[in-house]
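Q: Got a structure here, written out as structure tokens. Questions coming.
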Amino acid sequence: TIGGSVANNAGGEKSVKYGVTGNYVLGLKVVLANGDLIETGRLTKREVKKKKMLKTFEGELYREIDSLTMAGSHEIASMNNIRVSKNSTGYNLKDIRKPNGSIDLTPLFVGSQGTLGVIVEITLKVENYNPSPSLVVAEFSDISSADRAVSKLIRFKPSALEMVDGNLIDFIKKSHPNQIDGLIQSQSVPAIII
């Protein structure tokens, strides 16, 4: 379900192009441990100040998050130096506070697997649907050549990119040849990129 995808910050084969679920979550309605219902979304510095003045669990949450993100700002900023192709970790402190002082608790809940609250409503942005995707199969004489090609192809943001070695290709040819009929031209292929 969408709720499970948000709770896990799921990403799959199309995450090369589209990223993880959290990239599309604009806001949430969350039931906290004490039963209070809160709404998340980007709040201005002035709105955050008002939230921090609340004498509720939500007010306490904003006070603690504000304090935590201020005290750990150097460590949190260093997270920007970490380069990964896909990040689906939870408790994303890096995207909560912006330099203008605005705060959004959404990244904190996305990927937290329900440990901070129960998500009961999700507001998402969407991508345009592409009803006619193309499939490209490229054969390579060795894994190193395929690896170099992946480094170049990734710049074009394909929706999926898979490298398959010759052992798997040979196995499929023997066990399920109909699954790759017409895709591979050579008898022996050390690597392909799909």
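Q: Using the structure shown, select from Lys14/Lys52; Lys17/Lys49; Lys29/Lys157; Lys52/Lys94; Lys29/Lys98; Lys94/Lys125 the pairs with a Cα to Cα distance greater than 28 angstrom.
A: Correct reply: Lys14/Lys52; Lys17/Lys49; Lys29/Lys157.
Q: Please find, in a Gaussian network model of the chain (springs between Cα atoms separated by less than 10 Å), the residue of Val136, Val30, Val16 whose mean-square fluctuation is greatest.
A: Top of the fluctuation ranking is Val136.
Q: Sticking with this one: Which entry in (1) 8, 27, 26, 17, 13, 8, 2, 0; (2) 8, 30, 30, 20, 10, 2; (3) 9, 34, 35, 19, 4, 0 matches P(r) over Cα pairs in 10 Å bins from 0, in percent derived from the coordinates of this structure?
A: Label (1) holds the value from this structure.
Q: On to the next question. Identify which of Ile96, Ile184, Ile38 has the largest mean-square fluctuation in a Gaussian network model of the chain, with springs joining Cα atoms closer than 10 Å.
A: Among Ile96, Ile184, Ile38, the largest mean-square fluctuation in the Gaussian network model of the chain belongs to Ile184.
Q: Could you work out what % of the accessible surface of the range 141-194 is carbon and sulfur, using a 1.4 angstrom probe and leaving DNA, RNA and ligands out of the count?
A: Using a 1.4 Å probe with all protein chains present, the range 141-194 comes out at 54 percent carbon and sulfur.
Q: Follow-up. Pull out a ≥ b ≥ c, the square roots of the eigenvalues of the alpha-carbon gyration tensor of the range 1-92, then state rounded if a/c is under 1.5, prolate if not and a/b is larger than b/c, and oblate in the remaining case.
A: In terms of gyration-tensor shape, oblate.
Q: Would you compute, from DSSP H runs of 4+ residues alone, the mean residue ellipticity of the chain at 222 nm, taking -39500 (n - 2.57) per run and dividing by the full residue count, rounded to the nearest 500?
A: So the calculated ellipticity at 222 nm is -9000 deg cm²/dmol.
Q: A further question on this structure: Based on Cβ point charges of +1 for Lys and Arg and -1 for Asp and Glu, what charge dipole magnitude is obtained for the chain about its Cα centre, in debye rounded to the nearest 20?
A: Computed about the Cα centre, the dipole is about 860 debye.
Q: Show me 111-120, 165-174 ranked by packing, highest mean number of other Cβ atoms within 10 Å first.
A: Result, highest mean first: 111-120, 165-174.
Q: Using a probe radius of 1.4 Å on heavy atoms only, what accessible surface per residue do you get for the chain? Whole Å² is fine.
A: 66 Å²
Q: Next up: Using +1 at the C-beta of Lys and Arg and -1 at the C-beta of Asp and Glu, which of His74, Met53, Gly19 has the Cα lying farthest in the positive direction of the dipole of the chain?
A: The one lying farthest along the dipole's positive direction is Met53.
The values are calculated or read from the model by the stated rules, or taken from the named source; none is laboratory data. Source: prediction; values computed, not measured. In this analysis, Cβ positions are derived from the backbone assuming ideal geometry, glycine residues included, and neighbour counts consider all displayed protein chains. Side chains are part of the model used for accessible areas, which takes the heavy atoms of the whole protein and leaves out ligands, DNA and RNA. Shrake-Rupley method; radii C 1.70, N 1.55, O 1.52, S 1.80 Å.
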